[in-house]
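Asks: Below is a structure I'd like to ask you about.
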C-alpha cells in the first residue's frame, strides 16, 4: 500500500474517524511499529511535515532515519538509458532499490520545479521511487499533490464543521514567490470526496489543472464565492496555464476581515507557512475563527493514520 | 518552566549537587522522558551542544527531533504587523505554536548577529519562541547568553575547587574573528551567584554589558588579575561598546604558562571550541591543570538536569 | 577495538560467517547496544553508509547521533603546534576527546581530497580521531580505504560463489569525475585474505598504491583478465601516480555484455553509486548476474558485525 495521492483513500469519512480515534489515544499503537524503520527523504525544505511525520512514526514506536537528499546524498538521475557523464551520480533505480532494503516505508518530499510542466506532472521523483522501490511510499508533498496535508485538512474540518453539508471555499491569494499547485490540487481532490458545497475562487487565468478540478465549481468573483461559506481555505499557487509564472499579485485577493464578514462566520484555514498580510491579514489569522494551528496539529494524526494503515497492511 | 537564562536558576548550589547526582547515575531517570519529545532547533552550528543535549535527552529516555532551521526549514519573520513580501516565509507566531504541538520541550540555538546591538539584546529568536511557544524553552546559546554552558562550568568548578571561596578570573583573550559575548555574559551571571572572589580582566574598552557585569570586579591588568587565582576561565568576545568590532588582537593577552605561573596553581577553563595559541598556548591547554574536556563532559549533565527539572515540573 | 582497515580483521572467513548469522537473525542482539550511543560524523555525502550503518546500530538497540561535520559543526585543525588564526575553529584534539565523552563508538566518513597524496595517505581525519578519541573508531570511508564496503563485498561473494576458489577481477572503468582509490584499495586488501584467483585490470599508469597491491596480479588487457572470471568487480579510481588526475576516459573499459560473455557467467559487482553506461552498461547492471543491490543490502550486516564486535569487546 502506498499513499501518494488522495486517490489512495478508499473511504475518506472512515479515515477521518480513524484519525480522530488516533488523536484521542496517540500512543495506543506504540508496539505496531517496533523494529520498523521509516526513511524520510527530503529534496526540499520542510518544517511541519518533517516534525509531524517523525512524531507520528515515534508514536507508533518506529525508528526514523531522515536524510536531506540533495545535500547529504548524491544527485539522482531519473531518465532511463542515459550515459551518466553529467552531474547525477546515482540512478533512481539503484537508489530506490537500495533504500528499500534499509527502510520499511519510504516517505519523500520533492517539490515541483515549476519550469517544465510535463516533468512536474510526471512526478519524476515520486514516480521513480514508486517504480523502483520495493517498500511502500508516502508522499510528503510531491510536484502535484500533498495528500498528507489534505487528509489533515479533512480531519480539521470534521472537528469544526457545524452543519452536515458545509460550504467550503478554496481561495487563491497573492504571494511574492511562485509556488506549486500541490496543496491546492490535493485539497480539491479531497473535497471531491466530501459531502460539501465546494467552490474554488481565483483570478481568471489561474485555473488549476482541469484534470484535477474536473467539474468542481469555479467562481471568479471572490466576494460572491465567500457568501455563506463555512470554511475559507486560502492558498497561493502560481499560474498553471502560463506555467510557474506569477501573472497576478492583486492584493484585493488577500483574505481580510471584511471578506470574512461575507461568510457564515467561516473558519479560516491555511496549510502554513503563510505570508501574513499577503495571503491573509493579521486580524483574520489571529482571530478566533482561524484554525491553522489545529490544522498543523492534525498533520501528526494524518501521517500516523497513513503509517498505521501501511504497517497493518504489511503484516 | 523555561531555561533561557542563569536567572532561571533558583538555587545554584543545589542545582550543582543535583547535576553531580545525575552524573553518578545518568540512566536513573530513563523512564522520566518516555514518550516525550525534545525538539532541537539550530540557527547556527553546534558540536558540544548538539551532541550533549541530545545525549542528555536520550539518558532521560526522550525522543529527539533535531532540525537545522535555516537550511532545512523556512526563513522566519519576527516582526509583528509586517507585510511578508520579502525573504521570510513564515512568522515566528505560527512556527512556535506549531512546533509546540509536536514537541514537549523546544531547545534553540540562535547566535548574536553582532551587527545590531539592540536587536541582539532583544534576543529576537529566543524571545519570539518564549512569547509564542506553548511548551518550555531551553536556550542552547542565544544572542546574549549560554546558560547551559555556565551551568556546566559551575558543575566543573565544584568538582575541582580546593578551597571554599576560590578566586575565579574570567580573562578575555585574542581571537581572529568577532565572537558574541554570550558565554562571557552567562559566566558572569553564574559567578554572581557563587561564593567566590570573582574578577573579570580584559583590555580597556572591552567592557561587557554593564547591566550584566553590575558590580563584578574588573581588573585591566591581566597579570594582576591572575595573582592567586584558583580558576582561569579564558574567553574571547568582540567589543560590546564598538559593537561587534575587533578593536584589539594583542597576543600579550594569550594565556601562557608564564601567566598561569602567577596563579595559585589554577585550573584552566574554556567552553570550546578554542583557538590554540591564540586564546591559550598548547602548553597550558595540554597541561594537567586544563579541565576543558571535563567541562565539555559536564555539558551532558547540565542539560540533563535542566530537561529533568522541566519534565518533572510539567507533571 | 577499532575498525579502520581490513587489517583489523583477524579471521575473514569467520567474520563472513558471523555476518551471515546476523543476516539470518538481525534483531537477535537487540539488547547488546542498549544505552550505547553511536556517533556518526560525516565530512562527505553518504547514502548507503549513512542509512545502513544507522540501521545496523538500531538493530543492535543503540542510539544514533549523526552529524554533518562540515555544515553543522566547526572546521577542524589537524596540525599540531599551529597558531589557529585561520579558518579552523577547533583542534582535532579537543573535538575527538569531547565527542568520545558523548558517544561509545565514533564512525567517520572523510574522503581523500585528491590534491595532496601525502596528506591523503596520512588519513589526516581518521588518524586524528584514532589518536585523540578515547572510544573505538569505525571507518565509514576514509581517504585510502572503505573497509565496511569490502567486508560487505566479502559477505556477498560468499553468498554467490559457486566454486571453492573463484576467479575475481577488479576492473577499472571510466568515470567523468576524479574519484578516490579507497574502495579499490580495501577490496584489494580484502581479496588478499581470500582463497581466490585475484586479478586487477586497469589501463597502464593507473596502478594503485603498490604498498597496497603488493604482489596482487595486474593484467593490463581487460579482455584477458575477464577470461573465466567468476566475479567482476567494477570501480573507477583516479590516477594514483599522477595523483588525483583523470588521465584516461576510454569508454572501451566500460563493462559491457560482450565483456561479460568472456567470463565464466560472472556475477557483476559495484559498490554504488554507479554511473550507468560509463562504468557499466544498463544491460549488464540490469541482468540477473548483477548483485549490486545485494551488496548494498549486506552493508547493514557488515556494519552490524563490526558494531557488535566492538560492543562485545568493550565489555
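Laboratory data are not the source of any read-out in this text; all were calculated from the coordinates shown. Note that this is a predicted model, so its numbers are computed, not measured. Note: ideal-geometry Cβ built from the backbone for every residue, glycine included; neighbour counts use all protein chains shown.
Asks: Quick one: in chain A, whose Cβ comes closest to the A/C rotation axis, and how close in angstrom?
Replies: Smallest Cβ distance to the axis, with its residue: A:71, 4.
Asks: At a threshold of 8 angstrom on Cα-Cα distance, excluding pairs fewer than six apart, so keeping six or more, what relative contact order does region C:163-315 reach in percent?
Replies: Details: 262 pairs, mean separation 39.3, N = 153.
RCO, region C:163-315: 26 percent.
Asks: Now a separate question. Gaussian network model of chain C, Cα springs within a sub-10 Å range: biggest mean-square fluctuation belongs to which of C:28, C:36, C:267?
Replies: Maximum among the listed residues: C:28.
Asks: With axes computed from alpha carbons, what is the tilt in degrees of helix A:147-160 against the longest principal axis of chain A, rounded to the nearest 10 within 0 to 90?
Replies: It is inclined by approximately 40 degrees.
Asks: On a 0 to 90° scale, report how tilted helix B:292-314 is relative to the longest principal axis of chain B, with both axes built from alpha carbons and the result rounded to the nearest 10.
Replies: The angle comes out at about 40 degrees.
Asks: Which of A:149, A:304, A:86 moves most in a GNM of chain A, Cα contacts under 10 Å?
Replies: Comparing A:149, A:304, A:86 in a Gaussian network model of chain A, the most mobile one is A:86.
Asks: Using a Gaussian network for chain A with springs between C-alpha atoms less than 10 Å apart, which of these wobbles most: A:182, A:110, A:127?
Replies: Maximum fluctuation in the GNM of chain A, among the listed residues, is at A:127.
Asks: Label the protein assembly as shown by shape, choosing from rounded, prolate and oblate, from the square roots a ≥ b ≥ c of the eigenvalues of the Cα gyration tensor; if a/c is under 1.5 it is rounded, and otherwise prolate applies when a/b is larger than b/c, oblate when it is not. Present the calculation step by step, with values, prior to reporting the outcome.
Replies: Working: a/c = 1.79, a/b = 1.00, b/c = 1.78.
It comes out oblate by the Cα gyration axes.
Asks: Further question: Rank these for me by crowding, C:293, C:106, going from fewest to most other beta carbons within 10 Å.
Replies: Details: C:293 17, C:106 24.
Lowest to highest Cβ neighbour count: C:293, C:106.
Asks: Here is a follow-up. Which value at 222 nm does chain C reach when only helices count, each DSSP H run of 4 or more adding -39,500 (n - 2.57), with the total divided by all residues and rounded to the nearest 500 deg cm²/dmol?
Replies: Values: 13 runs with 118 residues, N = 315.
Taking each H run of at least 4 residues, the total per residue is -10500 deg cm²/dmol.
Asks: Evaluate the Debye formula for chain C with equal point scatterers sitting on the alpha carbons, no solvent, and hand back log10 of I(q)/I(0) at q = 0.15 Å⁻¹, in q order, two decimals.
Replies: The calculated log intensity ratios at q = 0.15 Å⁻¹ are -1.21.
Asks: Other chains' Cβ within 10 Å of C:50-57 residues: what's the mean?
Replies: The mean count of partner-chain Cβ atoms within 10 Å per residue comes to 5.
Asks: May I ask you to derive the relative contact order of chain A, considering only C-alpha pairs under 8 Å and at least 6 residues apart, and to give it as an integer percent? Please list the in-between numbers first.
Replies: Numbers: 626 pairs, mean separation 63.6, N = 315.
It rounds to 20 percent for chain A.
Asks: Just want the ordering: A:280, B:168, from fewest to most Cβ atoms lying within 10 Å of their own Cβ.
Replies: B:168, A:280
Asks: Now a separate question. Of the beta bridges DSSP finds with both residues in chain C, what % are antiparallel, to the nearest 5? Mind dumping the intermediate values first?
Replies: Numbers: 1 of 36 bridges.
Given both bridge residues lie in chain C, the antiparallel proportion sits at roughly 5 percent.
Asks: I'd like the per residue volume of the convex hull spanned by the Cα atoms of region C:116-260, given in cubic angstrom.
Replies: Values: hull volume 17.1 nm³, N = 145.
Output value, Cα hull per residue: 118 Å³.
Asks: Of all beta bridges DSSP finds with both residues in region C:147-295, what is the antiparallel percent, to the nearest 5?
Replies: Details: 1 of 19 bridges.
Close to 5 percent.
Asks: Then there's this: Counting other C-beta atoms within 10 Å, which of C:74, B:253 has the fewest, and how do the rest follow? Mind dumping the intermediate values first?
Replies: Working: C:74 20, B:253 23.
Least crowded to most crowded, the residues run C:74, B:253.
Asks: Still on this model: Kindly state, to the nearest 0.05, the FRET efficiency for residue B:261 paired with residue B:192, given R0 = 22 Å and r defined as their beta-carbon distance. Could the numbers behind the result be given before it?
Replies: Values: r = 28 Å, r/R0 = 1.29.
Computed FRET efficiency for residue B:261 and residue B:192 comes out at 0.20.
Asks: Could you check what % of the DSSP bridge pairs in the protein assembly as shown are antiparallel, to the nearest 5?
Replies: Numbers: 3 of 108 bridges.
Percentage antiparallel, nearest 5: 5.
Asks: Per the Kirkwood definition applied to all pairs of different Cα atoms, how many angstroms is the hydrodynamic radius of region A:85-186? Write out the running numbers ahead of the final one.
Replies: Numbers: mean 1/r = 0.0629 Å⁻¹.
Over region A:85-186, the inverse of the mean reciprocal pair distance is 15.9 Å.
Asks: Something else: Starting from the Kirkwood Rh over alpha-carbon pairs, what translational D in µm² s⁻¹ does region C:39-111 have by Stokes-Einstein at 37 °C and 0.692 mPa s?
Replies: Values: Rh = 13.4 Å.
The calculation lands on 245 µm²/s.
Asks: Round to the nearest 10 and give me the degree value, 0 to 90, for the angle of helix B:12-24's Cα axis relative to the longest principal axis of chain B.
Replies: Result, in degrees: 80.
Asks: On a C-alpha basis, how far is the centre of region C:166-200 from the centre of region B:47-125 in Å? Whole number, if you could?
Replies: When both Cα centres are located, 47 Å separates them.
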